[in-house]
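J.: Below is the structure I would like to discuss, written out as structure tokens.
The values are calculated or read from the model by the stated rules, or taken from the named source; none is laboratory data. Every value quoted in this text rests on a predicted model; they were computed, and no experiment measured them. Every residue, glycine among them, receives a Cβ derived from its backbone with ideal geometry; neighbour counts consider all protein chains shown. Each accessible area value is taken on the protein alone, full model and side chains, heavy atoms only, with ligands, DNA and RNA left out. Shrake-Rupley method; radii C 1.70, N 1.55, O 1.52, S 1.80 Å.
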Amino acid sequence: YAMGDLAEAEQKARAVVSSEAAPRTLLRARNLLGKLLLAAGSWDEAEAHFASDAQVAEGLGLVPEALRARLNRAIAVQSKGRVDEAADMLRAVSASAEASGETRTHAYALSNLAVVAWTLRDYGTALECLERTFGLFGQLGASAMIAHTVASLADLRLRLGLVENAAQTIAFGRRSGLGPLRAAPFAAVASRIALAKGDLPGARAEMERALSEASASGDVELLGEAHRLSARVHLEEGDIAGCRVHVSFAEPLAKTPRARAEAKLLEAMAGRAEGTGDLSLAKRALRLARTAGDEDVLCEALLLVCQMQHDLGDIGEARATCEQALAVRDKVAEGLPAHVRASFLSRPEGVALARMHLVFRPSGKAEAPSSEPPASAPLDRPSERALVGDDPKIRALLATIAKVARSDSTILVRGESGTGKELVAEAIHKASDRARGPLVSVNCAALVETLL
């Protein structure tokens with residue numbers, strides 16, 4: 001079964017079931033037959049099969065076998081689309097496994113709960129479950145599952161803006177020597193981490209590694225992802241022709257709605273980057289993104305359409321599109337723990353959205369009076385002086401400003417004369433809870449020590 005020879009696996013399992021083996025051995029063989037039903041997509045049969053096994057195992061007092069059957073039944077239920085019911089079943093299995101000391105089953109239950117939470121866009125729960133799964137598989141020394149969990153955990157941490165945590169997760173996985181099968185996914189996540197940090201040389205090196213490993217693996221879906229990643233790296237480097245080449249390779253390999261949406265989005269982004277933007281193409285990418293069910297791609301597509309509408313002078317449509325993007329972003333943010341939410345909102349995409357929203361605020365006009373002062377000022381309050389630029393280092397700086405501005409701590413801004421320390425200080429003030437109050441500058445160098 002592990003080697004992929006399913007026909008031989010089924011034959012041997014049936015031979016065990018028809019023999020006079022001990023109950024525990026019979027249940028192990030039946031468990032494998034149930035997994036073959038899952039692999040074949042026979043969800044109804046699999047659910048009935050595992051329900052029967054769970055009943056038999058519980059009757060015989062075989063706790064590990066009963067928990068395993070209940071876990072696999074939950075997976076069958078989840079596969080049938082009854083996600084909430086599957087989540088309840090998995091939580092029950094997780095609690096029972098933890099209470100009875102069945103660490104492996106506990107880890108698998110948490111791993112599948114993470115998948116359910118991810119499906120429901122409950123990223124906070126998914127993150128918690130993956131982190132706990134990671135710890136349990138580490139205790140067991142289950143290298144194959146550690147590899148799978150590490151890749152998923154790094155991917156989710158990156159998605160939530162926990163860039164350094166994601167980088168540490170990938171580094172741990174590589175130090176653990178997790179084998180060549182995970183090399184391409186690891187390299188792909190590492191490349192996206194480098195992009196998020198503005199490290200273009202690092203992103204290119206990891207991208208080339210991911211492309212090489214994916215090509216060698218023969219995995220079409222993985223190869224398509226590597227080409228889309230390569231297109232992103234070339235786009236960040238300003239190599240539009242290189243971006244288009246990789247998009248042309250990625251499109252025929254795009255088998256999922258998300259992959260098709262991202263490929264079309266990259267094609268539209270390349271067009272805008274070279275000054276030949278096609279709004280109809282961007283809207284096509286947006287339609288695909290809406291059906292893909294992935295907030296990251298959807299927000300990117302909405303932002304691109306908004307930017308192109310603004311380029312064409314259609315301010316009303318651009319404002320409405322920007323509001324849609326902010327609504328998608330904020331819906332995700334609402335379900336996150338406070339410390340994760342801050343990182344999520346500080347991602348470059350979030351900063352770009354906030355900056356775009358700033359464009360649509362009335363310039364030079366007083367806002368309508370309010371009977372109550374607001375609890376805090378918006379991040380995108382208009383000003384005459386502002387940091388501008390789309391270079392990765394500028395985006396990283398803006399993300400840092402958005403992050404530290406929420407704190408009441410003292411902030412030290414360092415830099416050579418003329419590099420923009422005052423602009424940074426103003427940006428921090430405007431993004432803080434004190435934005436509606438004055439920013440008071442004191443030239444300490446002009447004061448004697450005693451007066452200071």
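J.: Quickly run through the stretch 291-322 and pick out the residues that are open to solvent by 40 Å² or more (accessible area, probe 1.4 Å) and either without any contact (Cβ under 8 Å) to a residue 12 or more places away in the chain or outside any helix (DSSP H, G or I) (or both).
T.: Residues satisfying the conditions are 312, 313, 314, 316, 317, 320.
J.: So, in the stretch 403-418, exactly how many residues are in contact (Cβ under 8 Å) with a residue 24 or more places away in the chain, in a loop (DSSP other than H, G, I, E, B) and under 16 Å from residue 387 (Cα atoms)?
T.: So the answer is 1.
J.: Of the numbered conditions (1) at positive phi; (2) at pLDDT 90 or above, residue 179 fails exactly one; give the number of that condition.
T.: Residue 179 satisfies all of (1) at positive phi; (2) at pLDDT 90 or above except (2).
J.: Taking the stretch 388-399, which residues are surrounded by 12 or more Cβ atoms within 10 Å (Cβ to Cβ) and touching a helix residue (DSSP H, G or I) at 6+ places or on another chain (Cβ under 9 Å)?
T.: Of everything in the stretch 388-399, those that are surrounded by 12 or more Cβ atoms within 10 Å (Cβ to Cβ) and touching a helix residue (DSSP H, G or I) at 6+ places or on another chain (Cβ under 9 Å) turn out to be 392, 395, 396, 397, 398, 399.
J.: Okay, next question. In the list 153, 140, 113, which residue meets the criterion of being surrounded by fewer than 22 Cβ atoms within 10 Å (Cβ to Cβ) and in contact with a Ser or Thr (Cβ under 8 Å, 6 or more places away or on another chain)?
T.: The match here is 140.
J.: I'm told residue 255 meets every condition in (1) closer than 22 Å to residue 225 by Cβ; (2) part of a helix (DSSP H, G or I); (3) of a type in the set (D, E, K, R); (4) open to solvent by 70 Å² or more (accessible area, probe 1.4 Å) except one. Can you identify the failing condition by its number?
T.: Among (1) closer than 22 Å to residue 225 by Cβ; (2) part of a helix (DSSP H, G or I); (3) of a type in the set (D, E, K, R); (4) open to solvent by 70 Å² or more (accessible area, probe 1.4 Å), the lone unmet condition for residue 255 is (2).
J.: Out of the stretch 421-452, which residues are in a helix (DSSP H, G or I), open to solvent by less than 100 Å² (accessible area, probe 1.4 Å) and within 21 Å of residue 407 (Cβ to Cβ)?
T.: Of everything in the stretch 421-452, those that are in a helix (DSSP H, G or I), open to solvent by less than 100 Å² (accessible area, probe 1.4 Å) and within 21 Å of residue 407 (Cβ to Cβ) turn out to be 421, 423, 424, 425, 426, 427, 428, 429, 430.
J.: Looking for something within 26 Å of residue 62 (Cβ to Cβ), assigned to a helix (DSSP H, G or I) and either in contact with a strand residue (DSSP E or B) (Cβ under 6 Å, 6 or more places away or on another chain) or of a type in the set (Gly, Ala, Ser) (or both) - is there at least one such residue anywhere in the stretch 134-146?
T.: yes
J.: I would also like to ask the following. With the requirement that a residue be over 26 Å from residue 199 (Cα atoms), among the β-branched types (Val, Ile, Thr) and at pLDDT 80 or above, what does the stretch 394-452 give you?
T.: 410, 440, 442
Residue-by-condition table, conditions (1) at pLDDT below 90; (2) closer than 30 Å to residue 122 by Cα:
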residue	(1), (2)
50	no, yes
60	no, no
73	no, yes
76	no, yes
81	yes, yes
88	no, yes
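J.: Also, quick follow-up: Residues that are over 21 Å from residue 93 (Cβ atoms), of a type in the set (A, V, I, L, M, F, W, C) and touching a residue at least 24 places away in the same chain (Cβ under 8 Å): does the stretch 9-31 have at least one?
T.: Checking the stretch 9-31: at least one residue is over 21 Å from residue 93 (Cβ atoms), of a type in the set (A, V, I, L, M, F, W, C) and touching a residue at least 24 places away in the same chain (Cβ under 8 Å).
J.: Taking the conditions exactly as written (at pLDDT below 90 and out of contact with any Cys (no Cβ under 9 Å at 6 or more places or on another chain)), does residue 55 satisfy them or not?
T.: The answer is no for residue 55.
J.: Ok, one more. I'd like to check something: does the stretch 184-199 contain any residue that is open to solvent by 50 Å² or more (accessible area, probe 1.4 Å) and not charged (D, E, K, R)?
T.: Scanning the stretch 184-199, I find no residue that is open to solvent by 50 Å² or more (accessible area, probe 1.4 Å) and not charged (D, E, K, R), so the answer is no.
J.: Somewhere in the stretch 350-362, is a residue open to solvent by 60 Å² or more (accessible area, probe 1.4 Å), modelled with pLDDT under 85 and either more than 30 Å from residue 156 (Cα to Cα) or more than 29 Å from the chain's Cα centre (by Cα) (or both)?
T.: yes
J.: Only residues in the stretch 224-244 that are within 21 Å of residue 258 (Cα to Cα) count as the first member; pair them with residues that are not in a helix (DSSP H, G or I), Cβ under 7 angstrom, at least 6 apart or cross-chain, and list the lot.
T.: Qualifying pairs under 7 Å: 224/254.
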